[in-house]
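Shown next, in structure tokens, is the structure this report addresses.
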Amino acid sequence: MKNLLEIRHLNKNYGSFALQNVDLDVRSGAITGLVGANGAGKSTLLKLVLGLLPPDSGEIFIFGQDAMCDSIALRQRIGFVQESPTLYSHLPVRELGRMVASFYPAWNEAAFKRLCSLFELPLKTPFSKLSQGTRMKTALALALSHDADLLLLDEPTSGLDPLVRREVLELLLEVIQDENKAVLFSTHITSDLDRVAGHVAILKNGQLVLAGAKDELLESWALVKGGEELFSGPLKDRCRGGQRTELGLTLLCEGAEGIKRLLPSDALLERPSLEDLVYFHGREPEAPCAH
Amino acid sequence: MLNLLKRDLKLHWCAMVLPYVIVMLVMGAIVISNPDSALAVAVTMGALVIPFLPMAIHLRENSQGTLADLVALPGSRKALVSLRYIEALLFSAVMVSLAHLDTWSAQSAAAHRFVPFDVLDRTGFALTTMPLLICFAYPMPFTLRWNGKGLAVAFAILYVLILGIIGLMRLFPLKEHVGYSRAFARFVMYLMDHPGQATSGFLALFLVLFSVSYLLSLKAFSSREF
């Protein structure tokens with residue numbers, strides 16, 4: 001597996017928000033999920049990779065080439081879906097396909113037709129008259145029809161119904177059957193990543209707090225539930241976030257191995273989900289709500 | 001570049017054709033009412049509108065939110081900037097051709113014979129189209145960088161400059177019997193009498209300003225955020 005996308009020490013400052021020192025690799029033959037809450041910096045990161053935003057500092061390499069070189073050949077190998085696609089509103093889906101096709105020498109009309117049929121896209125309806133979900137499906141069909149080596153998808157499953165969402169995810173899995181291709185997929189719906197992502201990067205307030213192979217990440221963290229004594233015991237050093245509720249304390253702890261022996265007898269040890277990692281990491285345990 | 005141009009023609013044909021139709025109708029009316037009117041009048045009518053069409057297309061893309069999609073497609077930002085300048089030249093060339101055709105047909109109809117093409121006043125072209133293309137070149141970097149706001153700022157700066165020049169003219173008047181307006185009229189008459197010099201002078205000025213504008217636009221658009 002090689003890195004199709006490499007991001008090194010990337011910084012972008014907006015004043016009120018800053019993407020800070022992001023390092024990320026996207027490997028071929030895998031789906032990398034970029035996960036974080038709304039406003040964490042996912043779209044900003046993807047826009048930087050797409051060249052829609054110039055970085056303040058840092059480097060981005062796509063297929064080993066500097067992404068800042070404004071290369072057409074490089075962009076022809078990328079498929080992208082932007083959050084809330086705003087394609088040409090008066091054009092019907094079929095015309096959109098024709099228009100986008102002229103930019104990609106590797107455009108596959110048969111693949112486009114297959115995707116239109118799979119997503120049940122109304123070919124003659126103007127884009128402006130499509131529902132949010134159908135617009136997203138149109139953008140996906142366009143992104144997946146030119147045999148792109150790297151797919152950059154910004155919240156591609158938002159607004160899709162569960163059935164189509166599953167179809168889209170299966171399609172992405174199909175894409176990475178070719179081990180020379182990769183997908184970088186931003187979302188805040190962690191269940192989508194649970195299903196398809198091999199690698200995960202978690203963004204929080206503009207910082208990449210965790211990144212790596214999904215299974216390794218999940219195995220190396222533990223969720224501990226118990227009473228107040230948890231926080232004063234030996235677990236405190238391993239704690240990277242948590243939450244205090246009326247029922248007790250939930251802590252996200254680093255290094256799942258050997259943690260069991262540090263636990264009080266009444267504490268519960270669980271494997272965290274991706275959502276738990278996103279939710280608890282860096283979160284200060286708060287005082288219980290007063291009722 | 002060709003696919004970008006084709007794309008614009010497909011997406012914005014209405015915005016392109018409509019000004020031509022309006023300008024042609026107005027020009028037709030002027031030329032029919034006075035077939036001897038200088039081509040300059042007709043071309044001015046067209047040139048006032050047409051060189052600004054690429055700017056209108058850019059603003060339309062921006063307001064529809066499709067500019068970011070366009071920038072993300074395989075095509076460099078340099079190509080996008082070049083496209084707008086090529087469009088300005090292309091649209092103006094079409095306009096000038098139509099203006100010639102309009103005037104020629106009106107003059108031919110009035111003379112009840114086909115008037116040879118070379119009787120048409122080509123100085124009018126030099127005196128109107130090129131300065132107006134220069135007018136396009138001036139606000140283009142502002143528009144590409146800051147859209148409508150940039151265009152407004154560009155015109156505001158121009159307005160202030162004109163006021164400044166008028167102020168300076170009042171402060172430092174020429175000799176009473178000459179006057180600035182008379183000097184300007186003499187200059188225009190001189191240009192009309194020397195079409196060769198006028199054309200080459202405007203061409204040189206146009207090339208310099210157009211190139212400077214293009215380079216500024218490249219710089220302005222390359223650092224733009226979407």
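Computed from the coordinates by the stated procedures, all read-outs in this text should not be read as laboratory data. Predicted, not measured: the structure shown is a model, and the values here were computed from it. Methodologically, a virtual Cβ is constructed for each residue, glycine included, from the backbone with ideal geometry; neighbour enumeration extends over all protein chains shown.
Pairs with C-alpha atoms separated by more than 31 Å, drawn from the list A:Lys47/B:Lys219; A:Lys113/B:Lys78; A:Lys129/A:Lys214; A:Lys181/A:Lys225; A:Lys204/A:Lys236; A:Lys124/A:Lys214, are A:Lys113/B:Lys78; A:Lys129/A:Lys214; A:Lys181/A:Lys225; A:Lys124/A:Lys214. Counting only aspartates and glutamates at least 8 places from B:Lys10 when in the same chain, those with an alpha carbon closer than 12 Å to its own are A:Glu95. 3J(HN,Hα) along segment A:113-128, derived from phi through the Karplus expression 6.51 cos²θ - 1.76 cosθ + 1.60 where θ = phi - 60°, amounts to 5, 5, 5, 4, 6, 4, 8, 6, 7, x, 5, 9, 8, x, 4, 5 Hz, with x in place of Gly and Pro.
Annotation: amide H of A:Lys2 within the under-5 Å range of A:Ser28, sequence separation 5 or more or interchain, hydrogens built in the peptide plane. Using the Cα gyration tensor of chain A, with a ≥ b ≥ c the square roots of its eigenvalues, what is the shape: rounded (a/c below 1.5), prolate (a/b larger than b/c) or oblate (neither)? Note, shape of chain A comes out prolate. A straight line joining the Cα centroids of segment B:156-226 and segment A:10-80 runs 44 Å. Close amide H pairs (under 5 Å, H built 1.01 Å from N) link A:Gly241 with A:Leu252, A:Gly282, residues at least 5 positions away or on another chain. With helices as the sole contributors, chain A gives -7500 deg cm²/dmol at 222 nm; each DSSP H run of n ≥ 4 counts as -39500 (n - 2.57), and the sum is divided by every residue. Couplings 3J(HN,Hα) for segment B:7-12, derived from phi with the Karplus relation 6.51 cos²θ - 1.76 cosθ + 1.60 (θ = phi - 60°), are 4, 4, 5, 6, 7, 10 Hz, where x marks Gly and Pro.
Residues considered: A:Leu19, A:Leu150, A:Leu262. Largest GNM mean-square fluctuation over chain A, using C-alpha springs under 10 Å, is found at A:Leu262. Fewest-first ordering of B:Ser213, A:Ser131, A:Ser84 by other beta carbons within 10 Å of each residue's beta carbon gives A:Ser131, A:Ser84, B:Ser213. For segment A:220-280, the pair-distance distribution built from all alpha carbon pairs, in bins 10 Å wide starting at 0, is 25, 63, 12 percent. Loop sites by DSSP among the GluC sites (Glu not before Pro) of chain A, restricted to those with at most 15 other Cβ atoms within 10 angstrom, leave A:1-119 as the longest stretch without any of them. Ordered from longest to shortest, the equivalent ellipsoid semi-axes for the protein assembly as shown are 61, 27, 18 Å, each the square root of 5 times a Cα gyration tensor eigenvalue.
Taking the longest Cα principal axis of chain A as reference, the axis of helix A:162-175 is set at about 80 degrees. Note on chain A: GNM, Cα springs under 10 Å; of A:Leu172, A:Leu163, A:Leu218, the largest mean-square fluctuation is that of A:Leu163.
Take the Cα of A:Arg166, step 7 Å toward its Cβ, do the same at B:Ala185, and the gap between the two points is 8.5 nm. Taking only the alpha carbons of segment B:152-226, we obtain Rg and Dmax values of 17.7, 57 Å in that order.
As a calculated quantity, the FRET efficiency between B:Ser222 and B:Ala110 at R0 = 56 Å, using C-beta atoms, amounts to about 0.60. For the pair segment A:203-259 and segment B:74-105, the centres of their Cα atoms are 63 angstrom apart.
For A:Leu151, the amide hydrogen comes within under 5 Å of the amide hydrogens of A:Gly79, A:Ala182, A:Val183, A:Leu184, counting only partners 5 or more places away or on other chains and with H modelled in the peptide plane. Taking the C-alpha atoms only, the angle from helix A:132-143 to the longest principal axis of chain A is near 70 degrees.
Anyone know which of A:Met99, A:Met136, A:Met68 comes out most mobile in the 10 Å Cα GNM of chain A? So, out of A:Met99, A:Met136, A:Met68, the one fluctuating most is A:Met99. The HN-Hα couplings worked out from phi for segment A:180-190 by the Karplus form 6.51 cos²θ - 1.76 cosθ + 1.60 (θ = phi - 60°) are 8, 10, 9, 10, 10, 10, 8, 6, 10, 9, 5 Hz, whole numbers, x standing for Gly and Pro.
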